[in-house]
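To start, the structure itself, in structure tokens.
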Amino acid sequence: SSALGLQYLLDSYQCSREDDLLSYGETGTPVPPFGCAFSSAPNLEHVLAVANEEGFVRLYDTEAQTTNKLIFKEWQAHSNAVFDLAWVPGEHKIVTASGDQTAKVWDVRAGELLGICKGHQCSLKSVAFSRFEKDGFYRQVNQISGAHNVVDKHTPCKPKKKRQNLRGFAPLVDFQQSVTVVLLQDEHTLISAGAVDGVIKVWDLRKNYAAYRQDPVPCKSFCYPGTSTRKLGYSSLVLDSTSSNLFANCTDDSIYMFSMTSLKTAPVAVFSGHQNSTFYIKSSTSPDDQFLVSGSSDCNAYIWKVSEPSLPPRILHGHSQEVTSIAWCPSDFTKIATCSDDNTVRIWRLHRHPEEQKSTSNKIHLVGWVMQKEPEEQHGAG
């Protein structure tokens, strides 16, 4: 079948030396990249935006014929870490979310700052757009205070490892009440997840949540479905192209798939085999919705077939530190971008003739390749 053909095609992903890109800070020292996203604007679909710990944003032309043309724009968007970024759907604009407690809107063609969004009292960890509406920045802001408050004030039993060599100036976030990730299903529906309450909440933005005296009540909740007893949160939320399935990276080393259209709140699938030890691990779906790719704390990225979650995942192997943000190019199945704490951004490409690559001369140019996960290695608290 064609699906089986696609599955075997995954073995042909490779990262060559020229697609192994160092993420630089202000003084030219390498720093971790935090967020990456492909554009959806006409004629810009091959452009990858990457933000890093020192606030720099770089635009990579992934179709450039020579390495010196790869970066075609770079600027320091914030004098602090940029934890996430998002393209305005279909436009030449980008939004950066920073540890300086602001988000900034940029015109990438003109290189101009269009606006600054202020009001948060902590680092901004996540930024998202509705695919169906472009003027989200000009509507009245609907603030949902206390969205993921936890009554129990005990600290988590297993503290998350502190980020090595963190040079950002952001204040330490109290993850107890922290909202770690947001996502828009449509112009009226916001999905959010917290760091320790283990609940994914769905909000109707037409409601005025400021009127609530106590903690606000979501219109739908997905409670933690796994077996772990420690406090858990979610590091990533991703919808498929139809917005009907939600993939949620949980810090119990599982990715839960929930149906947004069903009344049931139990997961319809669980993906495991990777490690999700921090809130920097993200995931992405392939353009045809058939595959799910995720970063991992064990220095790899993992690819699962969505319709067969129990199949061992393919492994993108080659990074030397935790793989964090990840993006499957929405317009090109043959391109995946990964960010890692090894201070690199990698572009993985599908090579149709892998047998040619097996020769020694070609292998020298490879820094990343696909491995098969052994079935018995798969785990997870699902």
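Below is a table of values for the structure above.
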| quantity | calculated |
| --- | --- |
| Label-point separation, Glu374 to Lys207 (7 Å along Cα→Cβ), nm | 4.9 |
| Value of relative contact order over the range 232-326, rounded to a whole percent, pairs C-alpha under 8 Å and six or more apart | 21 |
| The range 1-116, relative contact order [Cα under 8 Å, separation at least 6], % | 17 |
| Greater than 23 Å apart at Cα, pairs in Lys104/Lys335; Lys69/Lys93; Lys73/Lys104; Lys125/Lys282 | Lys104/Lys335 |
| Gyration tensor (alpha-carbon) shape descriptor, the range 208-290, a/c threshold 1.5 | oblate |
| Highest-first arrangement of 257-265, 12-20, where packing means the average Cβ count within 10 Å | 12-20, 257-265 |
| Packing rank of 63-69, 369-375, where each peptide gets the mean count of other beta carbons within 10 Å, highest leading | 369-375, 63-69 |
| Extended-chain gain in nm, criterion 0.36 nm per residue less alpha-carbon gap, Phe72 and Thr334 | 92.2 nm |
| Amide proton proximity set for Leu124, modelled H, under 5 Å, gap of 5+ | Ser98, Gly99, Asp100, Gln101, Thr102 |
| Under 5 Å, built H, 5+ apart or other chain: amide partners of Cys117 | Ala103, Lys104, Val105 |
| Stretchable slack from Lys264 to Arg17, in nm (0.36 nm times residue separation minus alpha-carbon distance) | 84.3 nm |
| Lys, Arg +1 and Asp, Glu -1 on Cβ, resulting dipole of the range 1-113 about Cα centre, debye, nearest 20 | 160 |
| Cα gyration tensor shape for the range 282-321, rounded if a/c is under 1.5, else prolate or oblate | prolate |
| Solvent-free Debye scattering, log10 I(q)/I(0), computed from the Cα coordinates of the range 7-146 at q = 0.14 Å⁻¹ | -0.69 |
| Global geometry of the range 190-347, whether rounded, prolate or oblate, following the gyration tensor of its Cα atoms and the 1.5 cut on a/c | prolate |
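Values quoted throughout were computed directly from the atomic coordinates according to the rules given, and no laboratory measurement underlies them. Keep in mind that what you see is a predicted model, and the values were worked out from it rather than measured. In this analysis, Cβ positions are derived from the backbone assuming ideal geometry, glycine residues included, and neighbour counts consider all displayed protein chains.
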